[in-house]
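Peer 1: So that we are looking at the same thing, I have put the structure below in structure tokens.
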Amino acid sequence: MKRSCSMPFGANLLEDGRVNFRLWAPKAQRVDLSIENGAKGHLALQPATAGWFELTTRDVTVGTEYLFQIDGGAKVPDPASRFQPRGIEGPSEVINPRTFDWQDESWLGRAWEEAVVYELHVGAFTAEGSFRALDEKLDYLRDLGVTAIELMPIADFPGRWNWGYDGVLPYAPDSSYGRPEDLKRLIQTAHAKGLMVFLDVVYNHFGPEGNYLHLYAPQFFTRRHHTPWGDAVNFDGPDSRAVRDFFIFNAIYWLEEYHFDGLRFDAVHAIVDDSKPDILTELAETIRRNFGEQRHLHLMLENADNAAHYLQRDSENCVHLYTAQWDDDLHHALHVLVTRESDGYYADYASQPIRKLCRCLAEGFAYQGEYSEFHHDRRGESAAGLPPTAFISFLQNHDQIGNRAFGERILQLGPTDAVRAAMEILLLAPIPPLLFMGEEFGASTPFLYFCNFHGDLASAVTSGRRNEFARFARFSSPELRDRIPDPNSEQTFLQSKLDWGSLSCECHASWLEFYRKLLSIRKRVIIPVLNRISKPRIEVCDQNSRCLIVTWGLADGSHLGLAANLGDERVYLAAESNDVAAPFYASSPEALKGPEGILMPAWSVVWSLKT
């Protein structure tokens, strides 16, 4: 089977063998195609309407490397390049997507209720750091109980290592990981093993190095809005139609040409768009319309605004726009309970963390319009009516580890018993869970912030990174801040690679068995009931004892029950009803029902299903 996404820009190979080139360059007077290999030369693109330049020619073929030359001066890569064999500063390559022979025609994806997501960085997941090396780990992930892998951004970025959020060519998988066919082969192999593959995409900004759009299309950006990265992407001003299409087609391209099963949209709260419909709405509606119900497609948000309206379901509980959102509220409340940290945004959860955790388990968001001291504003919208599957839970992800000065993982911050109890909640709750690479075997390697910028930008990033922590007491002196790893150092990147050899140690192997056991229970008990979950009830939420009981009603009258003690002392929980019964999982054999209630040892969890 052949798959190809026909786009209104970039280099598209036509059925008759010609190649069509289109570039939106409203500032340019002249655009030439500069052929960089073989019979080198220049071909003029013809000006069209609304700032477009176009050329259809037989003088280039698959494998031709090219640049666009603007007004006889600067040569720039194709912003919609399908591949950059020599990185973002080098030429783009004409790719024929139809040369890859797909063998997964019968793959229609998996229902969202089955999702157990595993987030990973391609470069740091294996020693080799490539698509091919990741391919060899798919059996391990399947056997763990994962049903979906989520790749951190792979769009072409500056340098040899980067988290991926500094990408500048969003259509080109970074060449450090392999060629396009290597990525396609990875996705095809994953599908053969029953694994979905999601991709993290960044539509809120371009990276600070290697972005040439200002030279020939300054209308791509607007000064009417400002973001943490400077001028905002122009989604709502004059000439914004071409900008919106650039990103909408990017999403369609990954889903169609690469057969990804879903996309995670990074930090959409940083996208400023006053138009109707806004870009997030138009993006999701176009994807749903384009693919219909042909296959399971899942669209996920990171959105600090807790904008619940993007997650609404219809009367049949079907997704309209976005499938789910990363639930930072749930993470923050649980992190405070496990570590007792209260710096930064954790300050919003230091007060009544049990109550906030209960609300997250029952309703999704802790903040649904309440005032946030950290944000200095009201935050969030009502999540009433949203099912638990509209959220994604986690105790670790790339941000929550990598944004720490030394990239510490949760086991370095909280007691082992506390981390185990937190995962006993997350992996069995009726909320799809996300794991971050290595957490399942208690990885001791850090995940540091790394990039590979050059010159003054590299120095600015290094000093900026260290100065970010000046407000924390432990980094009050410049000498202490200088100990924070340099993001641009190759050693910082190498330190972040997983140590697979550590699995030979019993302490790591036992964590892996723990995760496998819980995910096996999830598959057997939780997933079959997820589409029957009705409104939950918070039965016990005791801030003093750090105990809770939450029950979720099922459509057939059954009840899924959670009882947890997230404190250091054992307690009796006196349930107001008999809902917490028939346990299918108990973290401790001492957690038994007695005449005074349920005996809950310190940091213990009980899950039950009463029919």
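Peer 1: Just one of (1) outside any strand (DSSP E or B); (2) without any contact (Cβ under 8 Å) to a residue 60 or more places away in the chain; (3) within 29 Å of ASP456 (Cβ to Cβ); (4) of a type outside the set (Ser, Thr, Tyr) trips up HIS205, so point out which.
Peer 2: (2) is the only condition that HIS205 fails.
Peer 1: On to the next question. Applying the selection to the range 340-352, what residues are assigned to a helix (DSSP H, G or I) and either crowded, with 22+ Cβ neighbours inside 10 Å or basic (Lys, Arg) (or both)?
Peer 2: From the range 340-352, those assigned to a helix (DSSP H, G or I) are 344-350; that's our starting set.
Correct list: ASP348, TYR349.
Peer 1: I'm trying to understand the selection: among the residues of the range 73-96, which are part of a loop (DSSP other than H, G, I, E, B), over 24 Å from the mean Cα position of the chain (by Cα) and touching a residue at least 60 places away in the same chain (Cβ under 8 Å)? Walk me through it before giving the result.
Peer 2: Here is the first cut: in the range 73-96, the residues part of a loop (DSSP other than H, G, I, E, B) are 73-74, 77-91, 94-96.
So of that shortlist, the ones also over 24 Å from the mean Cα position of the chain (by Cα) come out as 73-74, 77-78, 85-86, 89-91, 94-96.
Hits for the range 73-96 are ALA74, PRO77, ASP78, PRO85, ARG86, GLU89, VAL94, ILE95, ASN96.
Peer 1: Which one of these is surrounded by 21 or more Cβ atoms within 10 Å (Cβ to Cβ), in a helix (DSSP H, G or I) and among the charged types (D, E, K, R): ARG355, ARG359?
Peer 2: Result: ARG359 is the single residue among ARG355, ARG359 that is surrounded by 21 or more Cβ atoms within 10 Å (Cβ to Cβ), in a helix (DSSP H, G or I) and among the charged types (D, E, K, R).
Peer 1: Go through the range 230-244 and give me each residue that's part of a strand (DSSP E or B) and in contact with a Ser or Thr (Cβ under 6 Å, 6 or more places away or on another chain). Talk me through it step by step, then tell me what you get.
Peer 2: Step one: filter the range 230-244 for residues part of a strand (DSSP E or B), giving 230-233.
ALA232, the sole residue that qualifies.
Peer 1: Find the residue count for the range 484-504, including only residues that are among the β-branched types (Val, Ile, Thr) and either loosely packed, with under 12 Cβ neighbours inside 10 Å or modelled with pLDDT under 95 (or both).
Peer 2: 1
Peer 1: Something else about it: State whether the residues of the range 424-443 include one that is under 17 Å from ASP499 (Cα atoms), of a type in the set (Gly, Ala, Ser) and either buried (at least 24 other Cβ atoms within 10 Å of the Cβ) or out of contact with any His (no Cβ under 7 Å at 6 or more places or on another chain) (or both).
Peer 2: Yes: one or more hits.
Peer 1: Among the residues of the range 14-23, how many are farther than 17 Å from ALA50 by Cβ and buried (at least 20 other Cβ atoms within 10 Å of the Cβ)?
Peer 2: 1
Peer 1: Which members of the range 245-287 meet the condition of being charged (D, E, K, R), part of a loop (DSSP other than H, G, I, E, B) and over 29 Å from ALA115 (Cβ atoms)?
Peer 2: Of the range 245-287, the ones charged (D, E, K, R) are 245, 256-257, 261, 264, 266, 273-274, 276, 278, 282, 285.
Right, trim to part of a loop (DSSP other than H, G, I, E, B) and you get 261, 266, 273-274, 276, 278.
Passing the criteria: ASP274, LYS276.
Peer 1: While we're on this one: Looking at (1) part of a helix (DSSP H, G or I); (2) touching a residue at least 60 places away in the same chain (Cβ under 8 Å); (3) more than 17 Å from CYS541 (Cα to Cα); (4) not aliphatic (A, V, I, L, M), can you tell me which one ASP399 breaks?
Peer 2: The single condition ASP399 does not satisfy is (2).
Yes/no matrix, rows are residues, columns are (1) at pLDDT 95 or above; (2) under 29 Å from ASP329 (Cα atoms); (3) surrounded by 18 or more Cβ atoms within 10 Å (Cβ to Cβ):
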| site | (1), (2), (3) |
| --- | --- |
| HIS259 | yes, no, yes |
| GLY262 | yes, yes, yes |
| PRO277 | yes, yes, no |
| ALA284 | yes, yes, yes |
| ARG295 | no, no, no |
| HIS298 | yes, yes, yes |
| ASN303 | yes, yes, yes |
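Peer 1: Is the range 525-534 home to any residue that is over 17 Å from TRP552 (Cα atoms) and hydrophobic (A, V, I, L, M, F, W, C)?
Peer 2: Within the range 525-534 (the criterion being over 17 Å from TRP552 (Cα atoms) and hydrophobic (A, V, I, L, M, F, W, C)), the answer is no, since none of the residues qualifies.
Peer 1: Out of all the residues in the range 12-55, which are among the β-branched types (Val, Ile, Thr) and more than 23 Å from GLN84 (Cβ to Cβ)?
Peer 2: Correct list: THR49 only.
Peer 1: Among the candidates GLY129, GLY109, single out the residue that is buried (at least 19 other Cβ atoms within 10 Å of the Cβ), out of contact with any strand residue (DSSP E or B) (no Cβ under 7 Å at 6 or more places or on another chain) and not β-branched (Val, Ile, Thr).
Peer 2: The match here is GLY129.
Peer 1: Separate question: Can we say ALA422 is in contact with a Lys or Arg (Cβ under 8 Å, 6 or more places away or on another chain), assigned by TED's automatic domain parsing to the domain that holds GLY159 and closer than 22 Å to THR147 by Cβ?
Peer 2: no
Peer 1: In the range 323-339, how many residues are within 18 Å of ALA304 (Cβ to Cβ) and either in a helix (DSSP H, G or I) or without any contact (Cβ under 8 Å) to a residue 24 or more places away in the chain (or both)?
Peer 2: Adding up the residues that qualify gives 9.
Peer 1: For the range 1-41, how many residues are acidic (Asp, Glu) and part of a strand (DSSP E or B)?
Peer 2: 1
Peer 1: Now for a different question. For the range 459-483: of the residues being in a loop (DSSP other than H, G, I, E, B) and small (Gly, Ala, Ser), which is surrounded by the fewest Cβ atoms within 10 Å (Cβ to Cβ)?
Peer 2: Out of the qualifying residues, it is SER477.
The values are calculated or read from the model by the stated rules, or taken from the named source; none is laboratory data. For clarity, every value in this text was computed on a predicted model and none was experimentally measured. When we count neighbours, we look across all protein chains shown, and the Cβ atoms used for this are built from the backbone with ideal geometry, even at glycine.
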